[in-house]
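Contents: one structure, followed by commentary.
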Amino acid sequence: MSALGNARVVAFDINGKRATLTVEPRKLLVHAIREDLGLTGTHVGCDTSQCGACTVEIDGQVVKSCTVLAVMADGVSITTIEGLTPPGAALHPVQEAFHEHHALQCGFCTSGMVMSVRQLLKANPAPTEDEIRHGIAGNICRCTGYHNIVRAARSAAEKGPAS
């Protein structure tokens, strides 16, 4: 039997566009996003849901895409880091705050952090420092020590609602 003998067709909206893929039942959503759709802003860090580098939004909620099989995404709406800012447009307010406050070094965790901070600010437009730290607890940064990430989240909150 071929590798695609048990393949399934899935269709979902991603960053406002319809995508239809044929995937093996065991393929992780993070790999479908990166390999099949070429959206490489979503990073593969651990494949075990520990680091948060693969964080995307599914139907309005942040999810670590390494914990979702691609076949489970059939019919959903997904937003990746690429979907926050159309090409040529200004950065999303959370991205801008990360830039302004030097909330990144190597950048590997940044897309997952931005997606998590964006979700936090949607749910809580004026979080305390402790709430910010709790809100990003599922994302690991090995470079910054989190201080500037927290500053960026507070700055984005002060500037108004994140969409």
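The values are calculated or read from the model by the stated rules, or taken from the named source; none is laboratory data. Since we're looking at a predicted model, the values are computed, not measured. Ideal geometry is used to build each Cβ from the backbone, glycine not excepted, and the neighbour counts take in all protein chains shown.
Among residues of the range 1-54 being at pLDDT below 95 and of a type in the set (S, T, N, Q), the one that is farthest from MET115 (Cα to Cα) is SER2.
Taking the range 28-47 as the range and being free of Cβ contacts under 8 Å to residues at least 24 places away in the same chain and in a loop (DSSP other than H, G, I, E, B) as the test, the residues that pass are LEU37, GLY38, THR40, VAL44, CYS46, ASP47. Selection of the range 108-129 for residues being touching a Cys at 6+ places or on another chain (Cβ under 9 Å) and either of a type in the set (Gly, Ala, Ser) or outside the structural domain of CYS143 (by TED's automatic domain parsing) (or both) yields SER111, GLY112. Residues of the range 65-92 that are of a type in the set (Val, Ile, Thr) and assigned to a loop (DSSP other than H, G, I, E, B): VAL68, VAL76, THR80, THR85. For the range 48-64, filtering for residues that are in contact (Cβ under 8 Å) with a residue 12 or more places away in the chain and either part of a strand (DSSP E or B) or touching a His at 6+ places or on another chain (Cβ under 9 Å) (or both) leaves 10. Restricting attention to the range 136-150, the residues being out of contact with any Cys (no Cβ under 8 Å at 6 or more places or on another chain), in a loop (DSSP other than H, G, I, E, B) and not aliphatic (A, V, I, L, M) number 4.
Let's see how each residue does on (1) touching a helix residue (DSSP H, G or I) at 6+ places or on another chain (Cβ under 9 Å); (2) of a type in the set (Lys, Arg):
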| site | (1), (2) |
| --- | --- |
| PHE12 | yes, no |
| ARG18 | no, yes |
| PRO25 | yes, no |
| VAL30 | yes, no |
| VAL76 | no, no |
| ILE81 | yes, no |
| GLY88 | no, no |
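Screening PRO161 on (1) assigned to a helix (DSSP H, G or I); (2) touching a helix residue (DSSP H, G or I) at 6+ places or on another chain (Cβ under 9 Å); (3) more than 16 Å from GLY52 (Cα to Cα) shows it passes everything except condition (1).
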